[in-house]
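The structure under discussion appears below in the form of structure tokens.
The values are calculated or read from the model by the stated rules, or taken from the named source; none is laboratory data. For clarity, every value in this text was computed on a predicted model and none was experimentally measured. FYI the Cβ positions are ideal-geometry reconstructions off the backbone, even for glycines, and counts take in every protein chain you see.
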Amino acid sequence: MTNPNPEPDSSAAGPAGTGSPDKAPASEEQATETAIGNTERAEAATTPSAAQEPRPTLGRLFLENLWAANTFTVTLLSLVLAMIVGAVLMIVSDPDVLATYAYITARPSDAINGSWTLVSEAYANLFKGSVFDPGATTLNAALSPISETLTYTAPLVFTGLSVALAFRGGLFNIGAQGQATMGVILAALAGFLLPLPPGLHLLVAVLAGALGGAVWGFIPGILKARTGAHEVINTIMLNYISVYFLTWLIVQNGVQDPNRTDAISRSVDASAQLPRLFGDGLRAHVGIILAVLATWAVAWLLNRSTLGFELRAVGANPDAARTAGMSVTRTYVLIMVFAGALAGLGGSQMVLGTTAAALTPLVIAQIGFDGILVALLGRVKPWGVALAALLFGALQAGGNRMQSYSGISLELVTVLQALIVIFIAAPALVKAIFQLRAARAARLQTSLAKGW
Amino acid sequence: MSTTAVPDVAVAPVDEGFWTRTRKVGVVLLALGLLATVLFGALATGEQARFTLSEDAAGAALEVNGTVGAIVFGLITLAAGGAMLARLPKRWFMPLLAVGLVAFVLSFLCWQVSAAPAGQNFMPLVNIVRGTFLLALPLIFGSLAGVLCERSGVVNVAIEGQLLMGAFSGALFGSISGSVWVGLLAAAIGGSFISLLLAVFSIRYLVDQVVMGIVLNLLALGITGFLYERLMQTDPTRYNSAPRFSNWEIPLLSDIPVLGPALFRGNIFLYLALLLVLVIHIALFRTRWGLRTRSVGEHPTAADTLGVKVLGLRYRNVIMAGAVAGIGGASYTLALFSFTKNMIGGKGFIALAALIFGRWSPTGALLAALFFGFADQLATYLGAINSIIPGQFLAMLPYLATILAVAGLVGRVRAPAADGKPYIKG
């Protein structure tokens with residue numbers, strides 16, 4: 001019975017084989033010590049790569065790593081690859097352009113020009129809709145793309161953090177979708193059922209959202225801790241249970257909009273809505289500020305707090321954590337409660353923010369599933385997640401413009417998002433395609449390959 | 001296999017002391033029986049609850065007075081629960097559980113049918129059984145795809161994506177070619193395309209299999225949705241009007257009451273699904289391929305030592321699984337509906353639930369899929385008779401049942417030991 005040993009060993013070393021895991025706890029202990037008296041340094045140290053190991057100057061590092069398989073290059077090239085595949089999809093789905101390929105040997109210019117116009121226009125609109133539109137004449141129009149991007153970014157930051165936090169603790173939270181659904185339900189109920197003064201009302205609604213998500217995270221957490229039931233299965237099941245609960249709830253008396261016969265609830269009171277940032281014309285709301293605060297809080301929790309240390313220890317090696325006297329079961333429950341609360345906060349923004357004010361069956365769109373992609377793209381690090389959410393928010397915002405101006409369906413954005421994550425999840429593939437220099441590329445720290 | 005359980009992180013201590021599994025389940029059954037006897041009995045009306053053996057109210061029927069039926073079946077559940085607490089031998093566990101649960105459902109039906117609006121106090125069994133099979137079809141294909149994948153050690157969360165891709169390519173190429181058979185072939189290829197990606201990325205590039213599955217679901221959703229809007233919506237007659245398989249009636253067998261019309265007047269997909277369950281069951285447990293597949297799923301190192309090509313076998317099985325799921329997707333577009341965006345709508349995840357509920361075996365998956373199909377069909381029926389039970393809660397049933405199953409409340413569920421673990425030849 002000594003045979004089984006090599007196999008689990010090698011599989012454990014595979015995903016986390018960069019040598020950092022043994023180092024991380026040591027530096028964390030120091031970190032927690034220094035953090036007691038000095039919280040300012042926390043901000044500077046939240047980018048873990050900078051904090052953990054001494055490195056040469058940034059400029060040299062940049063040049064050295066430019067064409068190496070490092071995190072940044074791989075991410076950028078993944079984006080490029082995804083856009084190339086997206087371009088191919090656009091071309092093959094356009095009958096007019098496709099027709100020119102029938103005689104490409106006779107007149108290649110037709111095919112090339114047609115394809116170029118189609119693809120470049122679409123991607124130009126993607127850019128104009130998300131970052132900046134050179135044709136904008138008013139201030140509002142110039143700010144509008146950014147505002148849209150931030151509006152879509154905010155909830156994704158929360159769901160991304162939710163998934164990332166669980167990943168760090170060794171759990172795969174596929175349930176962000178369901179937790180966000182419960183969050184949006186409770187936030188909306190608090191938003192139109194409770195007669196509270198402004199300010200307090202908003203606070204209560206936001207907290208209700210967090211509570212809804214936390215409860216929905218607690219269930220798989222306690223089941224995992226008590227019975228060993230795999231959280232992947234349970235969170236998937238809970239996602240669907242929450243959706244059916246939502247569709248049932250919407251049409252109940254007191255919840256359904258009395259003036260409507262279709263499935264839509266009453267609207268959240270104005271006193272419970274997140275204030276807008278740049279005036280009434282633009283949709284960006286305070287949610288994005290909350291998102292930044294949440295990112296900071298999660299970074300602090302993970303890297304500076306005792307709980308975060310336990311969480312990462314459990315994620316890296318539960319047996320060792322247990323031997324060291326940590327309660328693995330308690331940590332599992334806490335991880336899922338926190339992850340659920342974050343996802344619930346993300347969900348609450350879908351009805352307290354500017355995207356919608358009433359519950360509908362599709363009110364939270366895909367933010368939970370997108371959160372998984374965001375967490376992976378952000379390499380399960382809090383600030384990385386925030387940046388990844390920004391990219392996804394931009395794609396979403398730009399996708400809207402691409403749909404209305406170029407007639408390219410918004411679904412293309414889903415394809416792009418999925419492809420980006422597929423490529424970054426397999427850095428070896430990107431490395432092979434672009435002949436990148438080998439580097440200590442940060443592999444995805446999702447050493448979760450434990451099966452059910 | 002006892003050693004493989006050790007590394008598991010939070011495996012619950014096996015029930016010890018007074019609250020054994022039998023006792024817990026017995027208490028649950030007692031509670032259910034009490035609920036059925038008291039609540040269902042009180043709510044049921046004195047109307048006759050008729051279970052007709054046809055598609056409408058006419059014809060032969062099994063009849064029972066609503067109140068009497070609800071109470072009697074409730075008492076049976078109570079008795080099953082009581083028997084379970086009375087320390088009967090272990091082999092009685094499953095039969096007692098089955099009897100208890102079935103009686104509970106019957107008690108529930110007696111109440112519902114008898115309380116239906118006047119003139120609707122009947123339940124057409126033919127419709128129910130046929131609907132059950134119809135709704136279970138994609139689940140059967142999907143969970144068989146899961147069995148093929150996971151028995152060889154690759155977690156398949158991408159069933160949803162495989163079904164969707166199959167449905168889409170079946171519709172697209174079926175429409176373009178005008179032939180159902182081309183559509184069927186294209187559906188199988190479409191499904192295996194998603195699975196090929198799953199195989200390459202999880203076997204070759206060692207990407208976490210659950211992560212990959214989730215991402216592939218989104219990819220399939222995106223690609224099919226995109227091409228649907230670009231092609232099918234702009235020119236539905238050309239791209240989205242696939243021919244459909246007609247129903248084949250099997251002589252003699254189709255005259256069996258209730259089961260005949262439901263089982264032997266179906267389309268090719270129904271026969272194919274049942275055949276596949278049989279074939280995969282036999283292949284998995286009676287052939288050399290099956291032995292190798294199972295050994296690769298349980299202990300790849302040992303299999304490799306004995307000369308089994310672990311990675312090759314995994315590739316092959318995963319791709320086959322995709323083809324099976326793809327055909328399952330086509331059971332929508334080449335028989336029932338034209339393609340719409342996200343038309344699978346979570347069936348892939350119910351199939352995953354069926355796979356787990358059926359404990360990774362083809363026959364178990366079939367039974368679980370039928371159970372989930374029945375829950376789905378019951379929801380439709382109750383909606384039609386204006387039941388006070390909201391359909392959404394019945395729709396939750398498969399998911400709740402799965403949670404209970406994996407939490408160990410209804411027997412222990414154990415996945416293949418190497419499921420989800422990449423194999424690195426060392």
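What to note about this one:
So that you can scan it fast, the table gives a plain yes or no per residue for (1) closer than 30 Å to B:Gly408 by Cα; (2) in a helix (DSSP H, G or I):
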{"site": "B:Val308", "(1), (2)": "no, no"}
{"site": "B:Val318", "(1), (2)": "yes, yes"}
{"site": "B:Ile327", "(1), (2)": "no, yes"}
{"site": "B:Leu336", "(1), (2)": "no, no"}
{"site": "B:Phe339", "(1), (2)": "no, no"}
{"site": "B:Asn342", "(1), (2)": "no, no"}
{"site": "B:Ile350", "(1), (2)": "yes, yes"}
{"site": "B:Leu355", "(1), (2)": "yes, yes"}
{"site": "B:Gly364", "(1), (2)": "yes, yes"}
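- Where A:Asn259 falls short, out of the listed (1) buried (at least 18 other Cβ atoms within 10 Å of the Cβ); (2) without any contact (Cβ under 8 Å) to a residue 40 or more places away in the chain; (3) not hydrophobic (A, V, I, L, M, F, W, C): (1)
- Scanning the range B:246-290 for residues that are loosely packed, with under 15 Cβ neighbours inside 10 Å and part of a helix (DSSP H, G or I) yields B:Leu253, B:Asp255, B:Tyr271, B:Leu275, B:Leu278, B:Val279, B:Ile282, B:Phe285, B:Arg286, B:Arg288, B:Trp289.
- Scanning the range B:326-356 for residues that are of a type in the set (Phe, Trp, Tyr) and crowded, with 24+ Cβ neighbours inside 10 Å yields B:Tyr332, B:Phe339, B:Phe349.
- All of (1) surrounded by fewer than 17 Cβ atoms within 10 Å (Cβ to Cβ); (2) modelled with pLDDT of 80 or more hold for B:Glu55 with one exception: (2).
- The number of residues in the range A:305-320 that are within 11 Å of chain B (Cβ to nearest Cβ) and assigned to a helix (DSSP H, G or I) comes to 4.
- Which listed residue, of A:Ala263, A:Ala320, is of a type in the set (A, V, I, L, M, F, W, C), at pLDDT below 90 and more than 24 Å from A:Pro197 (Cα to Cα): A:Ala263
- Considering the range A:414-431, and only residues there that are facing chain B (nearest Cβ under 9 Å) and over 16 Å from B:Ile214 (Cα atoms), the residue that is surrounded by the most Cβ atoms within 10 Å (Cβ to Cβ) turns out to be A:Pro427.
Residue by residue, here is whether (1) in contact with a helix residue (DSSP H, G or I) (Cβ under 7 Å, 6 or more places away or on another chain); (2) part of a helix (DSSP H, G or I); (3) crowded, with 18+ Cβ neighbours inside 10 Å; (4) at pLDDT below 90 holds:
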{"position": "A:Ile236", "(1), (2), (3), (4)": "yes, yes, yes, yes"}
{"position": "A:Ser242", "(1), (2), (3), (4)": "yes, yes, yes, no"}
{"position": "A:Trp248", "(1), (2), (3), (4)": "yes, yes, no, no"}
{"position": "A:Gly281", "(1), (2), (3), (4)": "yes, no, no, yes"}
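- Residues of the range A:70-85 classified as under 24 Å from A:Gly384 (Cα atoms), part of a helix (DSSP H, G or I), touching a residue at least 12 places away in the same chain (Cβ under 8 Å) and of a type outside the set (Ser, Thr, Tyr), total: 6
- Any hit, the range B:305-318, residues being aromatic (Phe, Trp, Tyr), surrounded by 18 or more Cβ atoms within 10 Å (Cβ to Cβ) and at pLDDT 90 or above: yes
- Residue check for B:Leu163: under 27 Å from B:Arg359 (Cβ atoms), more than 14 Å from chain A (Cβ to nearest Cβ) and at pLDDT 95 or above: yes
- B:Leu397 being surrounded by fewer than 20 Cβ atoms within 10 Å (Cβ to Cβ), within 12 Å of chain A (Cβ to nearest Cβ) and not aromatic (Phe, Trp, Tyr): yes
- Summed over the range A:96-128, the residues that are surrounded by fewer than 13 Cβ atoms within 10 Å (Cβ to Cβ) and within 14 Å of chain B (Cβ to nearest Cβ) give a count of 2.
- Within the range B:328-357, being over 16 Å from B:Ile159 (Cα atoms) and touching a residue at least 12 places away in the same chain (Cβ under 8 Å) holds for B:Thr333, B:Leu334, B:Ala335, B:Leu336, B:Ser338, B:Phe339, B:Thr340, B:Lys341.
- Answer residue from the range B:173-207, given it is touching a residue at least 12 places away in the same chain (Cβ under 8 Å) and not in a helix (DSSP H, G or I) and is farthest from the other protein chains (Cβ to nearest Cβ) among those: B:Ser179
This table checks each residue for (1) in a helix (DSSP H, G or I); (2) crowded, with 22+ Cβ neighbours inside 10 Å; (3) touching a strand residue (DSSP E or B) at 6+ places or on another chain (Cβ under 9 Å).
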{"site": "B:Gly81", "(1), (2), (3)": "yes, yes, no"}
{"site": "B:Met84", "(1), (2), (3)": "yes, yes, no"}
{"site": "B:Arg91", "(1), (2), (3)": "yes, no, no"}
{"site": "B:Met94", "(1), (2), (3)": "yes, no, no"}
{"site": "B:Ala98", "(1), (2), (3)": "yes, no, no"}
{"site": "B:Cys110", "(1), (2), (3)": "yes, yes, yes"}
{"site": "B:Pro117", "(1), (2), (3)": "no, no, no"}
{"site": "B:Leu134", "(1), (2), (3)": "yes, no, no"}
{"site": "B:Gly146", "(1), (2), (3)": "yes, yes, no"}
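- None of A:Val328, A:Val333 is surrounded by fewer than 24 Cβ atoms within 10 Å (Cβ to Cβ), within 27 Å of A:Met182 (Cα to Cα), in contact with a Lys or Arg (Cβ under 6 Å, 6 or more places away or on another chain) and within 14 Å of another protein chain (Cβ to nearest Cβ) except A:Val328.
- Among the candidates B:Ala103, B:Ala79, residue that is more than 26 Å from the chain's Cα centre (by Cα), more than 30 Å from B:Met320 (Cβ to Cβ) and in contact (Cβ under 8 Å) with a residue 40 or more places away in the chain: B:Ala79
Quick grid of which residues meet (1) of a type in the set (Val, Ile, Thr); (2) over 30 Å from B:Gln233 (Cα atoms):
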residue: A:Leu342; (1), (2): no, yes
residue: A:Pro382; (1), (2): no, yes
residue: A:Leu391; (1), (2): no, no
residue: A:Gly398; (1), (2): no, no
residue: A:Ile408; (1), (2): yes, no
residue: A:Ala425; (1), (2): no, yes
residue: A:Lys431; (1), (2): no, yes
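- Residues within the range A:265-279 that are under 24 Å from the mean Cα position of the chain (by Cα) and assigned to a strand (DSSP E or B), tallied: 1
- Candidate set from the range A:178-204 (those that are touching an Asp or Glu at 6+ places or on another chain (Cβ under 9 Å) and part of a helix (DSSP H, G or I)); member that is surrounded by the most Cβ atoms within 10 Å (Cβ to Cβ): A:Gly191
- Qualifying residue in the range A:318-327 (condition: hydroxyl-bearing (Ser, Thr, Tyr) and farther than 29 Å from A:Ser348 by Cα): yes
- Residues of the range B:288-297 include at least one that is in contact (Cβ under 8 Å) with a residue 24 or more places away in the chain, closer than 15 Å to B:Cys149 by Cα and within 14 Å of another protein chain (Cβ to nearest Cβ).
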